[in-house]
Amino acid sequence: MIGYFGDIVFESSDTRVLTFSGFTKSTVGRWGKHEVIGQKPANEFIGPDLEVITFTINLNGNFGVMPSKEIEKWVNMVNEGMADVLVIGSRVIGSDKWCVKEVSEAWGVVLNGGVLYSAKVDVTLEEYVESIEVFEPQIAIPEPSAPSAKYGVVTASVLNVRNGPGMNHQIIGKLPRDTRVTITGQEGQWHRINFGEGKGYVSATYIKLI
């Protein structure tokens, strides 16, 4: 046995050959871009993106497989939103399950009666993360008597909070969209806000004053 994905077994024997070629695995990162007037935009690393695997399966009736049946299995996995582990040899690929994101079929030889005798299937798998850690920000309740305080709402999907006014300062937390913040000062394009038991700095670009 070569490996398996769900109920599909890749193997090469005297009676049956079902394997793949052109296996590729892509690992990329997610980056945010902050526009700066008069300068090149500044990039900020957000986190790793979902990994992607692609490969091609060549199906041939000469090798003990029925191409139409094998194609149907992959199409059903797309339509049913299936996710499972991918094993090659004795090694589990990746740290998570994989979902079948896309299947593309190309027919080869078709016999009398419309019987598909050979075909090629291009498969795209995407990493399936079943759970994520949700950050719950601790935001200080504003003092009603503080006349210098202003308030704003986060407009980005996730906004980094830093320990100083600039991209070179350390990230100390994150705020989700629509979080209300208390602004206690401003340094350039950065707001100083109440954060946790102290203060933090966020880009003014992603704060809407209220």
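Just so you know, all these numbers are worked out from the coordinates, no wet-lab data involved. Bear in mind that the values here come from a model prediction, so they are computed numbers and not experimental data. Every residue, glycine as well, gets a Cβ built from its backbone with ideal geometry; the counts of neighbours run over all protein chains shown.
Among the candidates Glu72, Glu35, Glu51, the residue that is charged (D, E, K, R) and under 30 Å from Gln189 (Cβ atoms) is uniquely Glu35.
When residues in region 44-91 are screened for being surrounded by 17 or more Cβ atoms within 10 Å (Cβ to Cβ), among the acidic types (Asp, Glu) and under 22 Å from the mean Cα position of the chain (by Cα), 2 of them pass. The number of residues in region 67-107 being part of a loop (DSSP other than H, G, I, E, B) and free of Cβ contacts under 8 Å to residues at least 24 places away in the same chain comes to 4.
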